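The values are calculated or read from the model by the stated rules, or taken from the named source; none is laboratory data. This one's a predicted model, so the numbers in the text were calculated from it and none came from an experiment. When we count neighbours, we look across all protein chains shown, and the Cβ atoms used for this are built from the backbone with ideal geometry, even at glycine.
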Amino acid sequence: MRFAGRTDVKTAWLVGVETLGLTSGASVPESLVQGVLSWFRERGVHSITSRRTITESVAYRPPTELKDQAAA
């Protein structure tokens, strides 16, 4: 699997795997998660179930320096 110029998952790791769990945190871009799911779909995995166990509502404020630069 290739994301951001790196190979992260080796297909050999998946030999014989019937069920796989994928987790991500608040800092993981949704596009990366969707990219991983697309990678599996491209290889014939069509039974993908999404389960949200925790809904995160953390909002990160940009540093004051960045806000000051943006306002200038």
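Among the residues of the range 1-22, write down those that are assigned to a loop (DSSP other than H, G, I, E, B), at pLDDT below 85 and exposed (fewer than 10 other Cβ atoms within 10 Å of the Cβ). Of everything in the range 1-22, those that are assigned to a loop (DSSP other than H, G, I, E, B), at pLDDT below 85 and exposed (fewer than 10 other Cβ atoms within 10 Å of the Cβ) turn out to be ALA4, GLY5, LYS10. Looking at ALA59, is it more than 17 Å from the chain's Cα centre (by Cα), loosely packed, with under 10 Cβ neighbours inside 10 Å, in a loop (DSSP other than H, G, I, E, B) and aliphatic (A, V, I, L, M)? The answer is yes for ALA59. Does the range 34-42 include one or more residues that are in contact (Cβ under 8 Å) with a residue 12 or more places away in the chain and in contact with a strand residue (DSSP E or B) (Cβ under 6 Å, 6 or more places away or on another chain)? Scanning the range 34-42 turns up at least one residue that is in contact (Cβ under 8 Å) with a residue 12 or more places away in the chain and in contact with a strand residue (DSSP E or B) (Cβ under 6 Å, 6 or more places away or on another chain).
Pairing each residue of the range 1-17 that is within 14 Å of LEU37 (Cα to Cα) with any residue that is part of a helix (DSSP H, G or I) and at pLDDT 55 or above, provided the two are 6+ apart or on different chains, yields C-beta distances under 7 Å for MET1/VAL36; MET1/TRP39; PHE3/LEU32; PHE3/GLY35. Can you confirm whether the range 44-56 contains a residue that is out of contact with any helix residue (DSSP H, G or I) (no Cβ under 7 Å at 6 or more places or on another chain), at pLDDT 85 or above and surrounded by 10 or more Cβ atoms within 10 Å (Cβ to Cβ)? Within the range 44-56, one or more residues are out of contact with any helix residue (DSSP H, G or I) (no Cβ under 7 Å at 6 or more places or on another chain), at pLDDT 85 or above and surrounded by 10 or more Cβ atoms within 10 Å (Cβ to Cβ).
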